[in-house]
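The structure appears below as structure tokens.
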């Protein structure tokens, strides 16, 4: 015990003699530990921000495309998938791009006792229920508009710029900002809409009036602001003339939607069915929904949720097939952009950047600790030989210098903790990151210094003294 106390005192005196060297080592170690903690904490925050940004843009969502499934069965299927573990929401929108349903939305701009004038535009129809998220749940497949385009799921966020940012009720409507600016209306105006299905000749049309405009939105996508305007003239309540731009197509030509309640589109599909029956046309002409939008609770759970959704569909005898087949089938598609794979890749890039700097700092810590011990061994080479010659064992001498190194490491960690406590909130890390940085710095410093400490102890005392002379 007396020997151990003597060795501890020797280590303390040794550090006191070389106070400048020890002080600089402590300061360098403290700055390195603080920097590692800061980099690690900031990297975690940045990764969380990246994932949150991708998730807000719909990266935790994917599209379930269905084929040969009856529209009336889709709602029951959506309810069943909502109970799947990990599923945050299931949206079953009536997407006019896939259904081939356009909508003419118009607003009255002039009226007297003899005539009325309207301005409006044709877009695709989008029927949604209260579970639909305007920013994350609108996906289109441009293959539905262009047969030469590859099949994909492109997310088109709808950002409400004025009015209420929610799905409309049955007597409400949301229109693109371009249309409201073109007509010159604001939320609260009354709109008339005409659903148009151009899959047969003549097209099937149904008019709904008195819808209240609750908001305007901007769509992020290739068809942003792309709609077909028209002017309509009526005399004594009867439509007389509708003027459209030259070459305006009859069907759906844009992914820009007018957002209405799902019940309106559902009723229009029933109307299409009755009209086709009245015209003695084949039932397969009736359009049906072919899309469910599933959203996982987090980006990391997307693969698990996809597997669970796939299993649930297969249990209902719906096979996975991304090509057209004669039996009910499904195809899981990740968004072309802002998908979970892109989010995880971006998260990995952030981690790699932080890890590079952390590894660089740890390398400097290891080089500094090793260099410090080499300098110390060379300075005390003769002392080590003398201590062994007078009876100190190599283990006792090693213990002395380990204590000396430990004092430097403990002082450096303590100073790093002081830095973290006094620095502004934006320039500090968490307690967990500081503990992690201190632990890994101590391990690296110890591994780098230990071989240097063994170097003179592996030689005979006489050789050590003779070499120093």
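Computed from the coordinates by the stated procedures, all read-outs in this text should not be read as laboratory data. Keep in mind it's a predicted model, so treat the numbers as computed, not measured. Here Cβ is always computed from backbone atoms with ideal geometry, including for glycine, and neighbour counts include all displayed protein chains.
What to note about this one:
- Global geometry of segment 72-146, whether rounded, prolate or oblate, following the gyration tensor of its Cα atoms and the 1.5 cut on a/c: prolate
- Distance between the C-alpha centres of segment 296-321 and segment 138-164: 22 Å, rounded to the whole angstrom.
- Footprinting exposure proxy ranking of 60, 131, fewest other C-beta atoms within 10 angstrom first, gives 131, 60.
- On the beta carbon distance between residue 367 and residue 395, with R0 = 22 Å, the FRET formula returns roughly 0.25.
- Sites residue 439 and residue 80, calculated FRET efficiency, Cβ-Cβ separation with R0 51 Å, nearest 0.05: 0.60
- Sequence of 400, 322, 331 once ranked by neighbouring C-beta atoms within 10 Å, starting from the fewest: 322, 331, 400
- Inter-part distance where segment 239-262 and segment 74-119 are each reduced to a Cα centre, Å: 14
- In this calculation the C-beta distance from residue 112 to residue 205 is compared with R0 = 35 Å, giving a FRET efficiency of 0.85.
- Here the gap between residue 422 and residue 345, fully extended at 0.36 nm per residue and compared with their Cα-Cα distance, gives a gain of 24.2 nm.
- Considering all C-alpha pairs of segment 93-288, those separated by over 29 Å amount to 19%.
- Counted residue by residue at 0.36 nm each, then reduced by the alpha carbon distance between them, the extension gain from residue 314 to residue 129 reaches 64.0 nm.
- For segment 142-208, the square roots of the Cα gyration tensor eigenvalues, ordered a ≥ b ≥ c, give a/c of at least 1.5 with a/b no greater than b/c, which places it in the oblate category.
- Overall form of segment 294-339: oblate. Here a/c, set by the Cα gyration tensor axes a ≥ b ≥ c, is 1.5 or more, and a/b is not larger than b/c.
- Highest average first, the peptides 309-316, 36-43 ordered by how many other beta carbon atoms sit within 10 Å of their residues are 36-43, 309-316.
- Residues 352, 297 arranged by fewest to most Cβ contacts within 10 Å: 352, 297
- Extension gain (nm, one decimal) between residue 236 and residue 189, 0.36 nm per residue minus Cα-Cα: 14.8 nm
- Model label sites at residue 45 and residue 169, defined 7 Å from Cα along the beta-carbon direction, differ in position by 4.4 nm.
- Sorting 82-92, 116-126 by their mean Cβ neighbour count within 10 Å, with the most densely packed peptide first, gives 116-126, 82-92.
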